[in-house]
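What follows is a set of notes on a single structure, which appears directly below.
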Amino acid sequence: MSLKRHLKMSLAATAICLLMSVSLSSFAFEDMLAENRYLSIYSAQNHVDLIQDGYLNQAEISQYGYSNNLQAEQYGENNQLKTFQSGASNDLYALQSGYGNQITANQYGYQNELELSQQDVENSIYAVQAGALNYANVTQSGYDNLAIVQQYGYGNSVTIEQYGTGHQAAVTQFGHNQTAVVMQY
């Protein structure tokens, strides 16, 4: 076998391995330098857009199923984003800016949607949605706020807004078509 043919076969095998690893849709990224990072991944009709600008921002993203969508932006320092989506047509939107903010979000099922936004210092959001057509919107601005959202069933809705310091909110909903609104100032 000629060297040229061997190289072509090796490159083809490498490309196949890369495509196979992308189709697993499980990724871990860390912005170790103060430089912009933008990532867009399509796999099994799942979609990820990730923008990181700052220092030591981390994102761990896993998607399984079909037509799940994640759009995330991290600005500042030492922010963490951990997401897992399984099922079909789930949407997750996350925005973090500031220092030491943390989002952990899991969605299972069909057409669930999370909109999560944090700014300032050391805020935390933990969210789990399982079922179908659940919606949660969490906004945090300030210092050391905590929001926990758990929704199981279908058609449930949660809105949490926290502005200031040291607020804590936890909402758990089982069943269908329930609504919760929490405002903390």
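Here, each number is a calculation from the coordinates, and none is a lab measurement. Everything numeric here is computed off the predicted structure, so don't read it as measured data. Note that we place each Cβ from the backbone using ideal geometry, even for glycine, and neighbour counts take in every protein chain shown.
What to note about this one:
- DSSP-defined beta bridges in the stretch 27-184 - what % are antiparallel, rounded to 5: 10
- Sorted on the mean count of surrounding Cβ atoms within 10 Å across their residues, most packed first, peptides 100-107, 160-167 read 100-107, 160-167.
- Length gained when the stretch Glu115-Val181 is fully extended (0.36 nm per residue, less Cα-Cα span): 22.3 nm
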